[in-house]
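Each reported figure results from applying straightforward, stated rules to the coordinates on display, with no laboratory input. Bear in mind that the values here come from a model prediction, so they are computed numbers and not experimental data. Positions of Cβ are backbone-derived with ideal geometry, glycine not excepted, and every protein chain shown enters the neighbour counts.
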Amino acid sequence: MSISADDRFAILELISEYAYTFDEDRIEELVNLFVDDGEWSIYLSGSDTPTMKTSTNTERRTVMQDVRSGPMNEAGMPRHFQTNTVLKRLSADRISGRTMVVATQQPYDGTQCSTLFSGVYEDEFAFSEAGWRFAVRRGLLDVSSL
């Protein structure tokens, strides 16, 4: 099955919204990019066990509040750069995707930004009443610690 231009555009917008809502500390908007029972997880290099995994929007909200109030946020503004997205239709209301990611951090004092990590997001998107949403967002990061 092919993916329509409208569906492709909507999913690429969803991926972009993820980066902006995360980086701009818009927690409620980020949480609403997922279906309520969707998976959001992070795997560090060499590990088969997620370092972070949520299965509900309530859990995602709590994780984001912790992340955005912790030392990483105090050090500077994160920036997620996502590119090279490849999509594959699984069914009428489900699409899978892979997207490369690089995240940087811009210190608040204006000094040079640094790379936090690179990796790949493995996603599944579900079509809902609200449009396309993340059913799975699994980050496979090329670092052994954050």
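Tell me, I27, I3, I15 in order of fewest to most beta-carbon neighbours within 10 Å?
Numbers: I27 18, I3 14, I15 23.
Ascending Cβ contact count within 10 Å gives the list I3, I27, I15.
Would you kindly derive the ³J(HN,Hα) couplings of the range 15-22 from the backbone phi angles with the Karplus curve 6.51 cos²θ - 1.76 cosθ + 1.60 (θ = phi - 60°), listing them in order in whole Hz, with x for Gly and Pro?
Result, rounded to whole Hz: 4, 5, 4, 4, 4, 5, 5, 5.
For the range 29-41, just list the computed ³J(HN,Hα) in residue order, Karplus coefficients 6.51, -1.76 and 1.60, θ = phi - 60°, integers in Hz, with x standing in for Gly and Pro.
For the range 29-41, the Karplus curve yields 5, 4, 4, 6, 7, 10, 5, 4, 9, x, 9, 10, 9 Hz.
If all Cα-Cα distances of the chain are sorted into 5 Å bins from 0 onward, what percent lands in each bin, rounded to whole numbers?
Cα pair-distance distribution for the chain, in percent: 2, 10, 18, 24, 22, 14, 7, 3, 1, 0.
Among S41, S118, which comes first, second and so on when ranked by fewest other beta-carbon atoms within 10 Å?
Arranged by neighbour count, lowest to highest, S41, S118 become S118, S41.
Which one, T85, T56, T115, has the greatest fluctuation when you compute a Gaussian network model over the chain with C-alpha springs under 10 angstrom?
Between T85, T56, T115, it is T115 that shows the largest mean-square fluctuation.
Between K53 and D142, what is 0.36 nm times their sequence separation minus the Cα-Cα distance? Round to one decimal in nm.
On the way: separation 89, 0.36 × 89 = 32.04 nm, distance 1.73 nm.
Result: 30.3 nm gained on full extension.
Where a ≥ b ≥ c are the square roots of the eigenvalues of the C-alpha gyration tensor, would you call the range 99-141 rounded, which needs a/c under 1.5, or, failing that, prolate if a/b is larger than b/c, or oblate?
It is oblate, given that a/c is not under 1.5 and a/b is not larger than b/c.
Determine ³J(HN,Hα), in whole Hz, for all residues of the range 109-124 in sequence, where each value follows from phi through the Karplus function 6.51 cos²θ - 1.76 cosθ + 1.60 and θ = phi - 60°; x replaces Gly and Pro.
These are the phi-based 3J(HN,Hα) values: 7, x, 5, 4, 6, 10, 7, 8, 6, 10, x, 9, 9, 9, 10, 10 Hz.
Can you give the local net charge around N57? Use residues other than it whose beta-carbon is closer than 9 angstrom to its beta-carbon, Lys and Arg +1, Asp and Glu -1.
On the way: positive: R60, R61; negative: D36, D37, E59.
Spelling it out: positives minus negatives among the neighbours equals -1.
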